[in-house]
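Take a look at the structure set out below.
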Amino acid sequence: MAKQANPAVEVQPDLFIERILSMEIARVTERAAVSAARLRGRGDEKAADQAAVDAMRRELNKLPISGTVRIGEGERDEAPMLFIGEEVGTKKGPLVDIAVDPLEGTTLCAKNMPGSIAVMAMAEGGTLLNAPDVYMDKIAIGPGYSKGLIDLDASPADNINALAKAKGVKPNEITALIMDRPRHAELIKATRATGASVALITDGDVAGVIDTTDPEETGIDIYLGIGGAPEGVLAAAALRCIGGQMQGRLILDTDEKRSRAAKMGVKDPNKKYDMSEMVRGDCLIAATGVTTGSMLRGVRFKGDRIFTHTVVMRSVTGTTRWIEAEHRQLEKFHL
Ligand code: VTB
């Protein structure tokens with residue numbers, strides 16, 4: 001009788017590891033979120049960020065991967081931990097690129113305002129854009145539209161009108177999410193001039209971009225404007241998993257920034273990146289709520305129990321998992 005194949009060994013080894021990692025990655029963001037959440041509302045952004053970084057690094061180093069941080073806390077000389085280029089993991093596993101923002105929305109956490117998250121992405125080795133910590137001009141919409149419907153170089157009016165037409169609504173039924181910054185005064189004016197509604201956020205544009213993928217739930221149709229480049233790459237990873245369109249351009253407006261970017265392999269400082277160029281391979285992304293936001297509930301502490309809310313997305317299958325976890329406060333597990 002022919003020997004029965006063991007399904008576990010039939011799976012391509014890399015894919016198999018990646019499936020296991022989709023649970024492990026949740027553990028990493030859960031721990032970072034819990035550590036940051038203990039410092040919610042204390043007015044100390046640095047302390048909250050540091051707590052999240054420490055926890056994320058500790059958990060990352062337990063993962064069976066040979067990881068390299070591509071998007072991290074900063075460049076080596078300014079970030080002692082999770083700096084760009086740092087190697088993480090047990091080094092016994094697949095080569096992967098890592099993008100982290102242990103506390104996205106440090107100000108939101110320090111002020112105990114909605115929407116701070118712990119977030120990280122993992123992609124096949126050598127496939128994540130090596131972006132320096134500069135600004136990025138971004139545009140994003142959710143899934144279901146023809147490719148090229150919106151363009152970073154088109155005017156807000158052209159983009160809003162094209163989106164409204166494709167959605168079958170009037171421009172005044174479109175809502176654009178923009179970060180509330182003086183640099184966006186013209187953009188906000190031009191967007192409102194189309195009749196569209198503008199929703200402003202003070203921080204946290206990874207979640208802001210993700211909001212475009214579920215307009216019925218979030219009320220957001222399009223993301224426009226300038227935020228951090230690292231946050232742009234993380235958002236691109238999420239959209240690679242959920243679907244949608246995104247473009248970004250690094251803002252390299254000084255010689256110093258251009259030379260930093262060049263050292264990281266950016267050949268054309270004016271390049272417009274499609275999301276598939278920011279994240280070129282298969283990826284996984286996880287985010288855990290620190291303070292409650294549009295997408296995730298914040299960490300809740302109840303007696304000796306801790307409750308976390310996490311989303312894990314995987315590009316290979318397009319699966320999105322929502323994980324409600326109940327943890328016990330155990331010091332030996334750093335909880
Ligand atoms: C951006 C945005 C982030 O900080 O990096 C922003 O992408 C910094 O922009 O989501 P400013 O210099 O204008 O404050 C966040 O809002 C939070 O880290």
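Among (1) within 15 Å of the ligand (Cβ to nearest atom); (2) part of a loop (DSSP other than H, G, I, E, B); (3) surrounded by fewer than 18 Cβ atoms within 10 Å (Cβ to Cβ), where does P269 come up short? Only one criterion is unmet by P269, namely (1).
Restricting attention to the stretch 204-216, report how many residues are out of contact with any Ser or Thr (no Cβ under 7 Å at 6 or more places or on another chain) and either in contact (Cβ under 8 Å) with a residue 24 or more places away in the chain or within 18 Å of L129 (Cα to Cα) (or both). Break it down into steps so the answer makes sense when it comes.
Residues of the stretch 204-216 out of contact with any Ser or Thr (no Cβ under 7 Å at 6 or more places or on another chain): 205-206, 208-210, 212-216.
Still in the list and also either in contact (Cβ under 8 Å) with a residue 24 or more places away in the chain or within 18 Å of L129 (Cα to Cα) (or both): 205-206, 208-210, 212-215.
The qualifying residues number 9.
The numbered conditions (1) small (G, A, S); (2) modelled with pLDDT of 95 or more; (3) over 15 Å from the mean Cα position of the chain (by Cα); (4) not assigned by TED's automatic domain parsing to the domain that holds N112 are all true for G265 except (2).
Each row is one residue, and each column tells you yes or no for (1) away from the ligand (no atom under 16 Å from the Cβ); (2) on the phi < 0 side of the Ramachandran plot; (3) within 26 Å of the chain's Cα centre (by Cα); (4) hydrophobic (A, V, I, L, M, F, W, C).
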| site | (1), (2), (3), (4) |
| --- | --- |
| I150 | yes, yes, yes, yes |
| A157 | yes, yes, no, yes |
| N161 | yes, yes, no, no |
| G168 | yes, no, no, no |
| L177 | no, yes, yes, yes |
| R181 | no, yes, yes, no |
| A185 | no, yes, yes, yes |
| K189 | yes, yes, no, no |
| A193 | yes, yes, no, yes |
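Results for (1) assigned by TED's automatic domain parsing to the domain that holds Q245; (2) free of Cβ contacts under 8 Å to residues at least 40 places away in the same chain; (3) in a strand (DSSP E or B), shown as yes or no for each residue.
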site: R258; (1), (2), (3): yes, yes, no
site: G293; (1), (2), (3): no, no, no
site: R297; (1), (2), (3): no, yes, no
site: F301; (1), (2), (3): no, no, yes
site: I306; (1), (2), (3): no, no, yes
site: T310; (1), (2), (3): no, no, yes
site: M313; (1), (2), (3): no, no, yes
site: R321; (1), (2), (3): no, no, yes
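Scanning the stretch 15-64 for residues that are part of a loop (DSSP other than H, G, I, E, B) and not polar (S, T, N, Q) yields a total of 10.
Of the residues that sit in the stretch 195-237 and are among the polar types (S, T, N, Q) and farther than 25 Å from L284 by Cα, which one is nearest to the ligand (Cβ to nearest atom)? Filtering first and then ranking leaves T202. Counting only helices (runs of 4 or more DSSP H) that sit wholly inside the stretch 152-233, those with at least 3 residues that are closer than 30 Å to R70 by Cβ are 205-211.
In the set I220, I242, only one residue is under 22 Å from K147 (Cα atoms), touching a Ser or Thr at 6+ places or on another chain (Cβ under 7 Å) and surrounded by fewer than 23 Cβ atoms within 10 Å (Cβ to Cβ); that residue is I242.
Quick grid of which residues meet (1) within 16 Å of the ligand (Cβ to nearest atom); (2) β-branched (V, I, T); (3) buried (at least 17 other Cβ atoms within 10 Å of the Cβ); (4) outside the structural domain of R181 (by TED's automatic domain parsing):
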{"residue": "K46", "(1), (2), (3), (4)": "yes, no, no, yes"}
{"residue": "E59", "(1), (2), (3), (4)": "no, no, yes, yes"}
{"residue": "G89", "(1), (2), (3), (4)": "no, no, yes, yes"}
{"residue": "L95", "(1), (2), (3), (4)": "no, no, no, yes"}
{"residue": "I117", "(1), (2), (3), (4)": "yes, yes, yes, yes"}
{"residue": "A121", "(1), (2), (3), (4)": "yes, no, yes, yes"}
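Only residues that are closer than 14 Å to A237 by Cα, more than 12 Å from the ligand (Cβ to nearest atom) and of a type in the set (G, A, S) were counted across the stretch 127-145, and they come to 2.
Residues in the stretch 274-283 that are surrounded by 24 or more Cβ atoms within 10 Å (Cβ to Cβ) and either in a strand (DSSP E or B) or among the charged types (D, E, K, R) (or both): 2 in all.
The values are calculated or read from the model by the stated rules, or taken from the named source; none is laboratory data. Just so it is clear, the model here is predicted, and its values are computed rather than measured. A quick note on method: Cβ atoms are made from the backbone with ideal geometry, for glycine too, and the neighbour counts reach across all protein chains shown.
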